[in-house]
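J.: Below is one structure. I have some questions about it.
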Amino acid sequence: MRILVTGASGFIGRALVNDLAAQGHRVRAAMRQPADIFPRSVEVVAVSDLARPLEWRPLLSDIEMVVHLAGIAHAGPEIAEEVYDRINRAATAALAAAAARNRIQHLIFVSSIRAQTGPATDRVLTEADPPCPVDAYGRSKLAAEDAIHGAGLPFTILRPTLIYGPGVKGNLASLMRITQSPWPLPFGAMRNRRSLLGRDNLVAAIHLALTTPATRNQTYVVADPAPLTIAEIVAALRAGQGRRPGLVPVPPLVLAGPLRALGRASLWERLGGNSVVDPGKLLAAGWRPPTDTRAGLAAMVQAASPPKSGTASRSTL
């Protein structure tokens with residue numbers, strides 16, 4: 001297949017492009033700052049900042065499928081709503097319209113679970129739940145989905161939950177740094193469950209959408225099949241360091257109080273709330289995630305750890 005991947009240099013895009021190229025697909029990798037990071041078979045093209053109008057038609061020339069990853073990530077309240085709208089909604093709408101005019105066979109849009117919900121929810125989420133985003137990021141992603149629905153071309157929308165993998169940033173990177181402390185951590189009593197998603201598992205979901213006609217014109221929530229408690233997540237991260245969990249059972253309310261008093265209630269909601277996503281619809285479509293969550297978290301830590309003293313490092317070119 002001839003595939004355009006936007007956001008190709010990002011956390012997901014780099015892994016996806018390399019995987020598609022390894023499978024023999026012809027890939028056009030669109031990124032803001034082209035770099036020599038892909039096999040020679042990959043066509044790398046420069047694109048401007050999506051905050052400004054972009055002429056999509058040249059990028060779509062001779063393309064059959066599009067995987068749209070480019071956008072602004074959830075960066076917090078300091079980003080104005082109109083910025084999210086321009087980059088996540090307007091640019092996606094323009095791409096979808098251009099793809100329809102160019103008769104692109106299939107557009108796969110990687111949206112976000114935040115198009116459907118806030119950072120915590122009391123029920124297990126499925127595609128049947130009405131979308132209810134609570135912030136500018138989630139609203140922009142849902143608006144982008146609506147634009148794709150109205151563009152008149154075959155599509156698949158994926159709503160991934162929090163993604164982990166080597167090189168991850170954001171909240172998981174912060175939690176990983178916390179687990180590197182030599183001290184016991186006060187998370188032993190935290191039994192709230194969170195769904196995570198391995199980057200390799202998301203890549204497998206994108207592959208399924210590219211190759212399975214039954215996924216067209218469908219929306220899927222995407223998460224590893226088994227959610228973990230916060231205590232289990234921390235234990236898996238420390239297992240990747242070759243350490244015991246070292247967890248102390250401090251009551252969650254004792255942890256919540258200081259965070260709320262410091263004006264960090266939203267942080268507690270992400271850390272102490274439930275967020276469970278049921279990927280049953282995607283599994284029924286044929287998705288087979290290759291990575292187990294605990295093993296994937298441990299492998300992420302190991303990939304980030306420097307080689308031990310006296311051990312030669314190896315690299316694969």
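J.: For L253 and V83 in the same chain, what is the full-extension length gain: residue separation times 0.36 nm, less their Cα-Cα distance, in nm?
T.: Values: separation 170, 0.36 × 170 = 61.20 nm, distance 3.61 nm.
So the chain would gain 57.6 nm between L253 and V83.
J.: Also: Any idea what the dipole of the chain comes to, in debye rounded to 20, about its Cα centre with Lys/Arg Cβ at +1 and Asp/Glu Cβ at -1?
T.: On the way: 35 positive and 23 negative charges, 143 e Å.
Once rounded to the nearest 20, the dipole reads 680 debye.
J.: Okay, next question. Is the shape of the stretch 2-160 best called rounded, prolate or oblate, per the rule: a/c under 1.5 gives rounded, else a/b larger than b/c gives prolate, else oblate, with a ≥ b ≥ c the square roots of the Cα gyration tensor eigenvalues?
T.: Since a/c reaches 1.5 and a/b is larger than b/c, the shape of the stretch 2-160 is classed as prolate.
J.: Per 0.36 nm of contour for each residue apart, how much would the distance between S41 and T126 grow if the chain were fully extended, relative to their Cα-Cα spacing?
T.: Numbers: separation 85, 0.36 × 85 = 30.60 nm, distance 3.85 nm.
Gain in length upon complete extension: 26.8 nm.
J.: Tell me the trypsin sites (Lys or Arg not before Pro) within the stretch 1-107 that lie in a loop according to DSSP and have at most 11 other beta-carbon atoms within 10 Å.
T.: Working: sites: R2, R14, R26, R28, R32, R40, R86, R89, R101, R103; in loops: R32, R40, R103.
Qualifying residues, ordered by number: R40, R103.
J.: Right, here's the next one. State the antiparallel share, in %, of DSSP beta bridges confined to the chain, rounding to the nearest 5. Don't skip to the end; give the middle numbers.
T.: Numbers: 2 of 34 bridges.
About 5 percent, rounded to the nearest 5.
J.: Something else: Note down the magnitude of the dipole of the stretch 40-199 about its Cα centre, charges +1 on Lys and Arg C-beta and -1 on Asp and Glu C-beta and zero elsewhere, to the nearest 20 debye.
T.: Details: 18 positive and 15 negative charges, 101 e Å.
Dipole size: approximately 480 debye.
J.: What do you get for trypsin sites (Lys or Arg not before Pro) in the stretch 182-253 restricted to DSSP loop and a cutoff of at most 16 other Cβ within 10 Å of the site's Cβ? Mind showing how you got there, number by number?
T.: Values: sites: R191, R193, R194, R199, R216, R238, R243; in loops: R191, R216, R243.
Here the sparse-neighbourhood loop sites are R191, R216, R243.
J.: Still on this structure, I have one more. Could you tell me which of rounded, prolate or oblate describes the stretch 120-193, using a ≥ b ≥ c as the square roots of the eigenvalues of the alpha-carbon gyration tensor, with rounded for a/c under 1.5 and, failing that, prolate when a/b is larger than b/c and oblate otherwise?
T.: prolate
J.: Could you order peptides 290-296, 222-228 by the average number of other Cβ atoms within 10 Å of their residues, highest first? Don't jump to the answer; show the numbers that get you there.
T.: Working: 290-296: 17.7, 222-228: 20.7.
The most tightly packed comes first, giving 222-228, 290-296.
J.: Also, I was wondering about something else. Longest exposed-loop-site-free stretch of the chain, with GluC sites (Glu not before Pro), DSSP loop and at most 15 other Cβ within 10 Å?
T.: On the way: sites that count: E55, E78.
That gives 79-317 as the longest site-free run.
J.: What is the Cα centroid distance between the stretch 174-218 and the stretch 106-141, reported in whole angstrom?
T.: 15 Å
J.: Return the Rg/Rh ratio of the chain with Cα-based radii and a Kirkwood Rh. Before the final figure, lay out each step's value.
T.: Numbers: Rg = 20.1 Å, Rh = 20.6 Å.
Radius of gyration relative to Kirkwood radius: 0.97.
J.: Also, quick follow-up: Suppose a student asked you for the relative contact order of the chain, using Cα pairs under 8 Å spaced at least 6 residues apart; what percent would you report? Walk me through the intermediate numbers first.
T.: Details: 577 pairs, mean separation 53.2, N = 317.
Answer for the chain is 17 percent.
J.: Using the Cα centre of the chain as origin and beta-carbon charges of +1 (Lys, Arg) and -1 (Asp, Glu), tell me which of P279, L196, I148 is placed farthest towards the positive end of the dipole.
T.: L196
Every number in this text was worked out from the coordinates using simple rules, so none of it is lab data. The structure presented is a predicted model; accordingly, all values stated were derived computationally and were not measured. Backbone-built Cβ (ideal geometry, glycine too); neighbour counts: all protein chains shown.
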